[in-house]
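Reading through the structure tokens given below for one structure.
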Amino acid sequence: MTFIDHLQYLVERALASIPAANAGDIYAGSFLIDNEDDDPRQPTLMIGYNTETQARRSIQNASDQAEARWNYAFWIQNGLAVVGDLTSDPVGATARQEWITELGLWYDEPTVPADWDSVIGPLAAQIEARFNQTCCQLARTLHATGVIERSVGRTVPVILHELEYYEAIARQTEAANPPGLADEFTSWVRHG
């Protein structure tokens with residue numbers, strides 16, 4: 001199984017595991033992209049969601065309703081699956097390394113500090129870009145094939161994000177969803 005097939009399989013399985021009791025309350029899915037051990041060669045994707053109930057509960061701790069709704073710090077933190085995690089998904093971690101190697105982007109730790117900027121930096125940026133593109137494409141596929149609608153009972157936006165928010169996060173989220181579906185989130189990212 002290729003890494004992309006593995007990614008799709010685990011994400012679909014995670015979405016199918018959403019309890020029916022929670023499905024009607026979900027307003028957004030989460031694709032949290034991170035690097036395990038801060039290593040650009042080890043990008044991971046954590047799948048989750050947030051509910052209207054949690055957003056209402058979080059208002060008292062947030063600066064406003066929009067922050068309670070869209071800032072991941074206030075979300076449930078319900079990681080349904082972490083694709084590519086060395087501990088919880090060793091098969092995915094191996095497939096991810098093979099995928100990065102096939103892309104010609106795998107590198108060994110440099111022994112010369114100057115290589116970090118001149119060699120590793122560009123490779124790390126390419127790995128990040130390819131992984132993010134793959135996650136965007138996966139979200140589009142999940143929308144197009146009805147997986148999200150079957151799991152949640154309706155179409156909700158998939159928020160592609162890190163722990164920080166900036167313009168690239170808004171653009172990726174727009175690319176991952178049908179036009180207009182993530183406008184509330186992207187407006188919050190861009191305008192607060």
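Remarks
- Residue match in region 100-113 (condition: at negative phi, open to solvent by 70 Å² or more (accessible area, probe 1.4 Å) and in contact with a helix residue (DSSP H, G or I) (Cβ under 7 Å, 6 or more places away or on another chain)): yes
- The condition of being exposed (fewer than 13 other Cβ atoms within 10 Å of the Cβ), of a type in the set (D, E, K, R) and modelled with pLDDT of 95 or more holds for only one of GLU128, GLU162, GLU167, GLU184, that being GLU167.
- Taking every residue in region 161-188 that is more than 24 Å from ALA62 (Cα to Cα) and pairing it with any residue that is part of a helix (DSSP H, G or I) and open to solvent by less than 50 Å² (accessible area, probe 1.4 Å), at least 6 positions away or on another chain, the pairs with Cβ-Cβ distances below 6 Å are GLN172/ASN132; GLN172/CYS136; GLU174/THR186; ALA175/CYS136; ALA176/CYS136; ALA176/ALA139; PRO178/HIS143.
- Any chance THR173 is closer than 11 Å to GLY29 by Cβ, open to solvent by less than 10 Å² (accessible area, probe 1.4 Å) and not hydrophobic (A, V, I, L, M, F, W, C): yes
- Boolean, THR141 is open to solvent by 20 Å² or more (accessible area, probe 1.4 Å), touching a Leu at 6+ places or on another chain (Cβ under 7 Å), closer than 16 Å to GLU12 by Cα and not aromatic (Phe, Trp, Tyr): no
- Which numbered condition VAL119 misses (of (1) in a loop (DSSP other than H, G, I, E, B); (2) at pLDDT below 95): (1)
- Output for region 12-42, where each listed residue is of a type in the set (Gly, Ala, Ser) and under 16 Å from the mean Cα position of the chain (by Cα): ALA14, ALA28, GLY29, SER30
The values are calculated or read from the model by the stated rules, or taken from the named source; none is laboratory data. Keep in mind that what you see is a predicted model, and the values were worked out from it rather than measured. When we count neighbours, we look across all protein chains shown, and the Cβ atoms used for this are built from the backbone with ideal geometry, even at glycine. These accessible areas exclude ligands, DNA and RNA; they are computed on the full protein's heavy atoms, side chains included. Shrake-Rupley method; radii C 1.70, N 1.55, O 1.52, S 1.80 Å.
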